[in-house]
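All remarks here apply to the structure that follows.
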Amino acid sequence: MSIPAVGDSAPAIALPDESGTIHRLADRRGSWTVVYFYPADDTPGCTTEACQFGDHLAALDAEAAAVWGISPDGAASHAAFRQKFGLRFTLLSDEDHAVAEQYGAWTLKKNYGREYMGIQRSTFLVDPEGRIAHVWPRVTADGHAAEVLAVLSDLRRGAGT
C-alpha cells in the first residue's frame with residue numbers, strides 16, 4: 001500500500017495498548033496526534049526514538065498533541081518496554097500489521113542479502129480534522145522527536161490551532 005500524503009484523510013486506527021484498551025484515531029478528532037511506526041520494543045534505535053519522544057512529551061503536550069507508537073509487538077512486550085524506560089505515552093500493538101500496511105509502513109526490507117517484510121520506521125502527524133499534516137516516510141531515530149515537535153509547532157502557529 002502507498003504512503004498517505006499530506007492532506008489525505010488518515011487511515012483508521014483501532015489498536016490495543018498493553019492493557020487491552022482500544023485506541024481509535026477517530027476519537028482524537030479535535031486534537032493533534034503523532035503516529036509513529038517502529039520495528040520492535042527494546043532495540044537500540046527504537047529505544048532511542050521512544051526515549052526522545054518521552055523527553056519531549058511535555059512540549060508535545062503543550063502543543064496539544066498525543067504520541068502513539070505502533071509496532072507489531074504484543075501487549076506484554078509493550079508493558080515491559082514502557083516500564084523499563086518510564087515511557088508515558090501510548091504504545092499500540094499491530095500484531096497483524098494491518099494498520100502499518102494502510103500507512104505504507106509494512107515494507108520489503110533487505111539486510112545482509114536477506115529480504116523480508118517488516119516495519120519501515122516512519123511517522124505521520126495527524127491534524128485535528130483527521131488529515132495527514134506531515135509525513136516522515138523514512139526516519140532516523142536519533143533527533144526525530146525534536147524534528148516532529150518543531151514541525152508541529154510551526155504548523156500550529158500557521159494554522160492557529
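A compact table of results
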| read-out | value |
| --- | --- |
| Cα gyration tensor category, rounded, prolate or oblate, for the stretch 1-46 with a/c compared to 1.5 | oblate |
| Shape category assigned to the chain from the gyration tensor of Cα positions, a/c cut at 1.5 | rounded |
| Theoretical FRET efficiency, 1/(1+(r/R0)^6), r = Cβ-Cβ of residue 135 and residue 111, R0 30 Å, to 0.05 | 0.80 |
| Placed amide H near residue 15: partners under 5 Å, 5+ positions off or other chain | 23 |
| Relative frequency of Cα-Cα separations exceeding 17 Å in the stretch 20-59, percent | 48 percent |
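Only the coordinates and a few stated rules stand behind these numbers; no lab work does. Note that this is a predicted model, so its numbers are computed, not measured. Neighbour counts are summed over all protein chains in view; Cβ atoms, including those assigned to glycine, are modelled from backbone coordinates with ideal geometry.
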